[in-house]
Amino acid sequence: AVADLPERVQPEDRPVLAAVLSVLLETLVEKNDEKIVFAGAANLAAMDFSRSLRDVLEALEEQVVLMRLLGETGDSSTVTVRIGTENPDEGLRATSVVVADYGVGDKTLARLGVLGPTRMDYPGTMGAVRAVARYVGQILAGS
């Protein structure tokens with residue numbers, strides 16, 4: 001149906017429509033299961049980092065670094081915590097990461113986490129990450 005659309009518009013509009021449809025089809029056909037939703041970077045400015053905040057922000061700009069960091073978490077049924085030098089990327093060595101999986105039933109769909117300074121409230125952060133992951137899983141199971 002999309003391939004026939006250029007024939008339905010005025011001839012002078014066809015090149016523009018063809019370009020738009022090309023991008024649209026490429027986006028729809030592309031199967032990219034690995035996406036990162038990143039929010040709250042401004043909150044890092046208020047944190048106490050022992051090293052440069054610039055190093056942290058540069059590491060976060062690299063989605064490959066975040067994919068690797070989230071992909072190397074442990075057992076999907078637990079909350080994973082990495083503190084300082086346990087983080088594989090040099091730019092994140094002044095941070096800690098708390099990560100939990102969420103999904104429907106036994107099927108893990110995604111991970112969510114919190115990145116902060118090494119001196120964070122670990123029990124509170126772990127509880128919050130676990131609770132949000134469980135809540136998102138319950139929402140997904142209900143839909």
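The values are calculated or read from the model by the stated rules, or taken from the named source; none is laboratory data. Remember, predicted model here, so these are calculated numbers, not experimental data. Neighbour counts run over all protein chains shown; Cβ positions are idealised from the backbone, glycine included. SASA here: full protein model, heavy atoms, side chains in, ligands and nucleic acids out. Shrake-Rupley method; radii C 1.70, N 1.55, O 1.52, S 1.80 Å.
For the stretch 89-133, which positions are within 16 Å of the chain's Cα centre (by Cα), open to solvent by 50 Å² or more (accessible area, probe 1.4 Å) and hydrophobic (A, V, I, L, M, F, W, C)?
Leu109, Val114, Val132 - these are the residues of the stretch 89-133 that are within 16 Å of the chain's Cα centre (by Cα), open to solvent by 50 Å² or more (accessible area, probe 1.4 Å) and hydrophobic (A, V, I, L, M, F, W, C).
Can you run down the residue pairs with Cβ atoms below 8 Å, 6 or more apart or on separate chains, where the first is in the stretch 118-135 and closer than 13 Å to Thr95 by Cα and the partner is in a helix (DSSP H, G or I)?
Close Cβ pairs satisfying both conditions: Thr118/Gly84.
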